[in-house]
Amino acid sequence: MTEDGFRAYNLGLLTRVVASCRDPRELENLLREVWTPGELRDAAQRVEVAAQLLEGSTYEMIAQVTGASTATISRVRRSVERGEGTLETGLLRVGRGEGGRLRRRTFIAGGMLE
């Protein structure tokens, strides 16, 4: 099996295991078993950065709230812009918790449009 084939198999296995979780608590437990605390913290930070980007927050505001570097914020923005929209869809589904709602924005060169 090629390295790419091995990676695809492992990603497929991981995807099936994650999809098999029956509720958020089970998924959280799985994530804690698979990833280190640092990896989980980084992933959670990237999701928060994406949410704030979608809400139209500036890089400076995001860095202050999340502690993310501008390089991380820029990488997340590129991922959100070039991705399939799955993270944005998920964020729109779950909102911000505590009754907060995520407002969808559209990226444009140099800024955001509502």
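The table below lists the values:
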item	result
Under the Karplus curve 6.51 cos²θ - 1.76 cosθ + 1.60, θ = phi - 60°, whole-Hz ³J(HN,Hα) for the range 65-80, x wherever Gly or Pro sits	6, 9, x, 6, 6, 5, 5, 5, 4, 5, 4, 5, 4, 4, 4, 5
Karplus-derived 3J(HN,Hα), 6.51/-1.76/1.60, for each residue of the range 22-36, Hz, glycine and proline x	8, 7, x, 5, 5, 5, 4, 4, 4, 4, 5, 7, 8, 10, 6
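Every read-out reported here was derived from the displayed coordinates using simple, explicitly stated rules and does not represent laboratory data. Predicted model only: the values in this text are computed from it and were never measured.
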